[in-house]
Structure formats: C-alpha cells, structure tokens
Amino acid sequence: MLEVGTKAPEFTLPDKDGSAVSLADFAGKKVVLYFYPKDNTPGCTRQACAFAGAYEEFKKINAVVIGISKDSVASHQKFAEKHGLPFILLSDPDLAAIQAYGVWQEKKLYGKVSMGVVRSTFVIDENGMIEKVMPKVKPDTNAAEILTYLKAE
C-alpha cells in the first residue's frame, strides 16, 4: 500500500456515465479517494451513503470525493441512482488504479483465502501527493473520520 508523502499514481477511469475521469482533473483540490469491494453490498452501501450524507461538507472545504471499485459502469450507475450518490464513482475492472494504490490484497473470510479490494481511503493534496492513508477502514465511520481530519488541517 502507498505511503504518506508519495506521489499519488495517476489514473483515468470511466465514471458511472462512461465519461473518462483522471486524477489530474482535480489538481488544486483535495481528493478523498476511497476504494471499496462491491456495489450494493451492506458495508459498501453504508460507506457510500455516509459519504453522500457528508457530501455538502466536503464541497464546502473544496474536497472531491471519488469511490473506486472493480464493478462495471452499469453497476455504478444503478448503485448511484438507487442510493442518491452525488459523488464520482469510477469503474476499474482491470484493477489498474486498485493495484497502483496497493489495495488488491489477500483477504480471509471464514477461513477461505481470496484476493480482493481492501477497503481503504487516501487523501491526496492539491499537488497530487498522498497526505493521509487509511487502510482497512470501517464503512460506518470512514466519511466522518476523513471530514474531521480535513477540517482540523
């Protein structure tokens, strides 16, 4: 997983509408980049809804929220519509950004080992540098923790 003080890996991925979105599009803004395992699963839905609930607060402090999973563009579109998600969701089925940020890792569930996305959040500063790394975040508290961190700066 990437560390604080390193340059955030650049990416260009399709959003829920199929439009290309690049990290470079947000130069000069704080970016809250969160990686999550799967659309419409209980934890991922709670996490997304928490970010949606805090979205206006993020906007007030000039921070952009971006969620990335390996789900398809169509899946993201349904997920965003179903839950009224106002922020950017990016589709990474080839794991380009997921692997670049080091969140594709071995996971254990009920004794079974598989590879998957470890729920993680990165705060990227206005110059494209990683300023905070939060691995294995809790879906219910992640958005509030990031907001508290950003407001304390």
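Structural remarks
- Checking each residue in segment 73-115 for being part of a loop (DSSP other than H, G, I, E, B) and within 19 Å of L23 (Cα to Cα) picks out P86, F87, D92, P93, D94, L95, Y101, G102, V103.
- Residue check, D71 open to solvent by less than 10 Å² (accessible area, probe 1.4 Å), touching a helix residue (DSSP H, G or I) at 6+ places or on another chain (Cβ under 8 Å) and of a type in the set (D, E, K, R): no
- Just one of the listed residues (T45, T12) is modelled with pLDDT of 95 or more, hydroxyl-bearing (S, T, Y), within 13 Å of the chain's Cα centre (by Cα) and surrounded by fewer than 21 Cβ atoms within 10 Å (Cβ to Cβ), namely T45.
- Meets criteria (in contact (Cβ under 8 Å) with a residue 12 or more places away in the chain, exposed (fewer than 15 other Cβ atoms within 10 Å of the Cβ) and part of a helix (DSSP H, G or I)) for K59: no
- Restricting segment 93-120 to residues that are surrounded by fewer than 21 Cβ atoms within 10 Å (Cβ to Cβ) and of a type in the set (D, E, K, R), the residue that is modelled with the highest pLDDT: D94
- Any chance G28 is open to solvent by 40 Å² or more (accessible area, probe 1.4 Å), within 19 Å of I98 (Cα to Cα), of a type outside the set (D, E) and in a loop (DSSP other than H, G, I, E, B): no
The values are calculated or read from the model by the stated rules, or taken from the named source; none is laboratory data. Keep in mind that what you see is a predicted model, and the values were worked out from it rather than measured. In this analysis, Cβ positions are derived from the backbone assuming ideal geometry, glycine residues included, and neighbour counts consider all displayed protein chains. Areas reflect the complete protein model, heavy atoms only, side chains present, ligands, DNA and RNA absent. Shrake-Rupley method; radii C 1.70, N 1.55, O 1.52, S 1.80 Å.
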